[in-house]
Structures are given as structure tokens and as C-alpha cells.
Amino acid sequence: MSITSLNGGQPHGAQPIRPKVTTTTIHEKKLRHEPITCLTAYDYATARLVDQAGIDMILVGDSLAQVVLGYDNTLPVTMEEMLHHTRAVRRAVRSAMVIADMPFGAYHEDEKDGVHNALRFVKEAGAEAVKLEGGAQRVGLVKRVLDAEVPVMGHIGLTPQSLHKMGGYKVQGKDFSGIERLVKDAVALDKAGVFSIVLEGVPREVAAMITREVSAPTIGIGAGPDCDGQVLVFHDIVNLTFREPAKFVRRYGDAAALFTNAVQQFKADVETRMYPSDAESYHLPKDTKVELEAILRRKEMKAYSR
Ligand code: KIV
């Protein structure tokens, strides 16, 4: 494979194919009531495709723990693993905004650690923002990370890192105290200066209310169509998760079928000697081939005469 076939002929460092998406772009889209698009990606190949498709933001989500690393939940993924995948995404992306998800434990013990880890994502992996879960209780941290010049995306509602505290993955904000808490959290994050807020697993009506209430764009996942934007997990939309999709997931393709078919065809072709063909093989230069055939013939004759 040549270098040009790897990067589509566009050398690294070349002009992006569309204007760079920044926090300003995202904010302006809310003002213009233009839907904001966000997908997760965790590696070079998928991040390239997502970027080239024109998606606004790419989130290197801690969902990588489940969809890439095979864990049952997001809790085990480490800073080092998140950095590793963020770097791969960074190398692929020209225009979309790259956001790194702060993993469980990276900001829960003290704010100083949280700021340190947020800076690592920018300095060591090229992220342009970080996402962290939690509402009013994260305001101090959000302000300190912003003071360190790192944009923050908030994340409230069904926050998977609170799995054990929530007692499972449950839609949040279904009663009045829950609604009040969510609105308070959203307003607190907005006032703290987050550039956007993910609303996950929240009734449509509550998400719509919060979206009207805050100036930061809301990015919904299982939060209905009234948010300023939508985010989904890449592996969910292409059927690569090996589990029943959640209610809010829409499958746009079947990569599992596509990949399985390709692998099965390869296996069959090798087993029936249909792969590789002569055209898929390298050949000796003509002169060398003639010489080699002569050597082999002489060898054969010698063996025969013994
Ligand atoms: O980790 C993740 O993928 C996420 C999004 C789905 C919001 O947090």
C-alpha cells in the first residue's frame, strides 16, 4: 500500500477539505438553529470516514471500553488507553472538532488531577476539548479546566460512569425532583462556561426545556429531537456492538454483515486455492526468470544422471 493510497493523496498538513470546526462554530450553529452532528470514533480509519462525511464533532468516548475493548461497562478504561485512541483519531481528523472523554477516576479524586488529565489530552494527544460527566458537583473542576484554556463539554442525565450509584442504566429526570436536579445541573454547567452539554437518557420534554434554558448547545443521546444536536456511538449505527440496540439507536448500516461476508469469502477462496491469483502475485524480471529456469533444469538433469 502506498502512502498516497493511505491518505487519499492528501499529504498530512495539507489544507482541510472544509473549514475547521471550533467551539465558535458549535455555538453559532445553536444561534442559527442548525442541527449539530457528533459521532464517536476511536481509531484512525473510522475517524477519517467520520471526518470526511462532514460530522461536526468527533468524541473519543469512554464507550471505547465496551465497543472496542470488550468490557461490560465504561469504568475500567484508563487514561493511557484513552490517550492512545485519541492520538489515533487526531492523526486522522482535519476538520471536525476532536473531543476526548475523561475516563472514570481521571477527575473524581481531586480537581488538580482533573486539570492535569485534561491538559494531557490536549498536550499529548491533540484533543481540542474534553468531556466530563456530572452537573453542579463538577462546576469547580469545569472552571479550573477552562482556566487552563481547555474547552469542556458537560454530560448529564444517564451518566454511565455513575452506573453503580444510579443502580443501573436508567432514564433520568422522570419525576419532578429529577427534572429539577437536571435543570439545575444544566444551568450550573452553562454558567460555568461549558461549550456544550450532552444530555443522555432524558425524557424528550425535559431535554427540550433545558435546550431552551441554556446558552450552551445541548447534544442529545436518547434525549429526543429537540436538542441542538445529536450524538451516537459509531459502532451502534453500523451494527458492530453485538448487543440489542437501545431504543434511541438507529442503525444506518450493517458492518457486521459486510465484514463477516468478506472474511467468509476470503476463507473460501484460500481453501479452494482461488486466492491469490497469478495477477495478484509478484513476478521475477524476465531475464532472471529465464536464468532461474535454466539453473533448475541443469539441477534436475544432474540429479537424473546420478
Ligand atoms: O462515551 C461515549 O460514547 C459517550 C457518548 C455516547 C455521549 O459518552
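The values are calculated or read from the model by the stated rules, or taken from the named source; none is laboratory data. Just so you know, these numbers come straight off a predicted model, no measurement behind them. Methodologically, a virtual Cβ is constructed for each residue, glycine included, from the backbone with ideal geometry; neighbour enumeration extends over all protein chains shown. Side chains included, ligands, DNA and RNA excluded: accessible areas come from the protein's heavy atoms. Shrake-Rupley method; radii C 1.70, N 1.55, O 1.52, S 1.80 Å.
Could you please find all residues in segment 243-284 being in contact with a helix residue (DSSP H, G or I) (Cβ under 6 Å, 6 or more places away or on another chain) and over 30 Å from residue 220 (Cβ atoms)?
275
Do we find a residue being under 27 Å from residue 72 (Cβ atoms), more than 14 Å from the ligand (Cβ to nearest atom) and part of a loop (DSSP other than H, G, I, E, B) anywhere in segment 134-155?
Yes.
Restricting the search to segment 158-171, which residues are over 13 Å from residue 205 (Cβ atoms) and touching a residue at least 12 places away in the same chain (Cβ under 8 Å)? Explain how you work it out, then say what you get.
Residues of segment 158-171 that are over 13 Å from residue 205 (Cβ atoms), as a first pass: 158-170.
Answer for segment 158-171, where residues must be over 13 Å from residue 205 (Cβ atoms) and touching a residue at least 12 places away in the same chain (Cβ under 8 Å): 158, 159, 160, 161, 162, 163, 169, 170.
Of the numbered conditions (1) under 18 Å from the mean Cα position of the chain (by Cα); (2) under 27 Å from residue 197 (Cα atoms); (3) open to solvent by less than 60 Å² (accessible area, probe 1.4 Å), residue 253 fails exactly one; give the number of that condition.
Going through the list (1) under 18 Å from the mean Cα position of the chain (by Cα); (2) under 27 Å from residue 197 (Cα atoms); (3) open to solvent by less than 60 Å² (accessible area, probe 1.4 Å), residue 253 breaks only (2).
For residues in segment 35-45 being of a type outside the set (A, V, I, L, M) and away from the ligand (no atom under 11 Å from the Cβ), which is most open to solvent (accessible area, probe 1.4 Å)? Spell out the reasoning first.
The first filter runs over segment 35-45 and keeps only residues of a type outside the set (A, V, I, L, M), leaving 35, 37-38, 40, 42-44.
From the residues that got through so far, the ones that are away from the ligand (no atom under 11 Å from the Cβ) too are 35, 37, 43-44.
Values: 35: 96, 37: 52, 43: 58, 44: 66 Å².
By that ranking, first place goes to 35.
For segment 194-204, check the following and say yes or no: at least one residue is closer than 19 Å to residue 26 by Cα and away from the ligand (no atom under 16 Å from the Cβ).
Quick first cut of segment 194-204, residues closer than 19 Å to residue 26 by Cα only: 194-200.
Those left that are additionally away from the ligand (no atom under 16 Å from the Cβ): none.
No, every residue in segment 194-204 fails to be closer than 19 Å to residue 26 by Cα and away from the ligand (no atom under 16 Å from the Cβ).
Out of all the residues in segment 51-63, which are acidic (Asp, Glu) and more than 10 Å from the ligand (Cβ to nearest atom)?
Residues satisfying the conditions are 51, 56.
Considering each of 201, 154, 167, 135 in turn, give the residue that is over 17 Å from residue 108 (Cβ atoms) and open to solvent by less than 40 Å² (accessible area, probe 1.4 Å).
Numbers: 154 fails: over 17 Å from residue 108 (Cβ atoms); 167 fails: open to solvent by less than 40 Å² (accessible area, probe 1.4 Å); 135 fails: over 17 Å from residue 108 (Cβ atoms).
Testing whether each residue is over 17 Å from residue 108 (Cβ atoms) and open to solvent by less than 40 Å² (accessible area, probe 1.4 Å) leaves just 201.
If you scan segment 260-283, which residues turn out to be hydrophobic (A, V, I, L, M, F, W, C) and open to solvent by 90 Å² or more (accessible area, probe 1.4 Å)?
First, the residues of segment 260-283 that are hydrophobic (A, V, I, L, M, F, W, C): 262-263, 266, 268, 270, 274, 279.
Within segment 260-283, 263, 266, 274, 279 meet the criteria.
Name the pairs: first residue in segment 172-190 and outside any loop (DSSP other than H, G, I, E, B), second residue among the basic types (Lys, Arg), Cβ to Cβ under 9 Å, at least 6 apart or on different chains?
What qualifies is 185/138; 188/138; 189/138.
One line per residue, one yes/no per condition, for (1) out of contact with any Pro (no Cβ under 9 Å at 6 or more places or on another chain); (2) open to solvent by less than 30 Å² (accessible area, probe 1.4 Å); (3) of a type in the set (D, E, K, R):
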position: 179; (1), (2), (3): no, no, no
position: 186; (1), (2), (3): yes, yes, no
position: 209; (1), (2), (3): yes, no, no
position: 218; (1), (2), (3): yes, yes, no
position: 228; (1), (2), (3): no, yes, yes
position: 236; (1), (2), (3): no, yes, yes
position: 247; (1), (2), (3): yes, no, yes
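Sort through 81, 128 and tell me the only one that's more than 14 Å from the ligand (Cβ to nearest atom), of a type in the set (Asp, Glu) and surrounded by fewer than 24 Cβ atoms within 10 Å (Cβ to Cβ).
Details: 81 fails: more than 14 Å from the ligand (Cβ to nearest atom).
Of 81, 128, the one residue that is more than 14 Å from the ligand (Cβ to nearest atom), of a type in the set (Asp, Glu) and surrounded by fewer than 24 Cβ atoms within 10 Å (Cβ to Cβ) is 128.
Which condition breaks for residue 48 when tested against (1) over 15 Å from residue 235 (Cβ atoms); (2) within 9 Å of the ligand (Cβ to nearest atom)?
Residue 48 satisfies every listed condition except (2).
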